[in-house]
Amino acid sequence: MKDILDLMQERHSARVPYDPNRPVTKQQLEQIVEAASWAPTAHNMQNFEIVVVDDPAILQAIGAIKTKISAVFLRENFQQLSFSKEELRRKKTGVIASMFPPSWRTPNVNFDTVAAVAEPVPLSVSLQDSPCLLLVLYDTRKRAPASEGDVLGFISLGCVMENMWLMAQSLGIGLQILSVFSSDPVEREMRRILDFPSYLKVAYGCRLGYPAATHDYVRVRRRSDEFVHWNGHGNKDLG
Ligand SMILES: Cc1cc2nc3c(=O)[nH]c(=O)nc-3n(C[C@H](O)[C@H](O)[C@H](O)COP(=O)(O)O)c2cc1C
């Protein structure tokens, strides 16, 4: 029991640069996608496809795609920021403000203006020379029965994510999820570069590699007694 919990606790968002000279091997990639194949999915619909990109020329083409930050992201992101490690430890949810550029974390700033004047940024900034990218595609044709808005399908994609992440962690490989790949403009460009059909939508990207640096990263979680209710909401008494 301890081993699996250790692995879950060790799994983390490796936002550091990866060693461009230490590729993730084909065998390791196969282990990671094998882990994906065993993820639970609603009605066993297996509603995903995975594009593995390790060709430097294709990674370079993807890195050249430019993205622009939205005011909605900036506003909602700001609400979740902690401005010190102490604040983050106290709140136990959200992320540390220093992860983001100063203009994204300035109080009382007009985020519509910040977004309007923001320069488009190439994806290479997010990819940070990663030797490998996995693009998880959501197959819109494989909806579980009566899954309103395909919520069950989205939950399933999260299970795929966690299986791959735990496998990568167990292999000592760093992984960072990049949601930016599912934004409409990036998805359009990815579809052009990787040539996938319109019934496949981008769920998320994962950059993978051997971390070339460590980072001072405070990880916080709520304690289970803060979110667990026994035999009825609000009842914190173990009995
Ligand atoms: C659906 C989903 C989308 C995420 N998108 C991003 C992302 O775009 N960039 C990023 O750095 N982390 C992303 N993350 C990682 C979370 O921010 C991270 O898991 C959370 O802050 C907890 O940190 P930990 O992974 O180190 O435990 C995403 C995670 C999930 C589950």
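Every number in this text was worked out from the coordinates using simple rules, so none of it is lab data. Predicted model, so just to flag it, every value in this text is computed and none were measured. Virtual Cβ from ideal backbone geometry, glycine too; neighbours counted across all protein chains shown.
Quick look at the numbers
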| quantity | calculated |
| --- | --- |
| Nearby lysines by direct alpha-carbon distance to Lys91 (threshold 30 angstrom, same-chain neighbours under 8 apart not counted) | Lys2, Lys68, Lys236 |
| Neighbour cut-off at most 14 other Cβ (10 Å), DSSP loop, trypsin sites (Lys or Arg not before Pro), region 27-104 | Lys68, Lys92 |
| Rg followed by Dmax, in Å, when the chain is reduced to its Cα trace | 19.3, 61 |
| Computed FRET value (nearest 0.05) for Arg11 with Thr140, which takes r as the C-beta separation and R₀ as 41 Å | 0.90 |
| Mean separation of Cα contacts under 8 Å, 6 or more apart, over the residue count of region 1-141: relative contact order % | 42 percent |
| Value in Å of the Kirkwood radius, where region 69-118 supplies the Cα pairs that are averaged | 11.1 Å |
| Theoretical gain in end-to-end length, Arg223 to Thr113 [0.36 nm per residue, Cα-Cα removed] | 35.8 nm |
| Kirkwood hydrodynamic radius of region 113-187, Cα pairs, Å | 15.1 Å |
| Additional length obtainable on full extension of the chain from Gln80 to His233, 0.36 nm per residue less Cα span | 52.6 nm |
| Distant-in-sequence amide H partners of Gly174 (H built 1.01 Å from N, under 5 Å) | Gly209, Tyr210 |
| Among Asp139, Asp225, Asp54, residue whose mean-square fluctuation peaks in a GNM of the chain (springs only between Cα atoms under 10 Å) | Asp225 |
| Separation of the Val72 and Arg188 label points, Cα + 7 Å toward Cβ, nm | 1.6 nm |
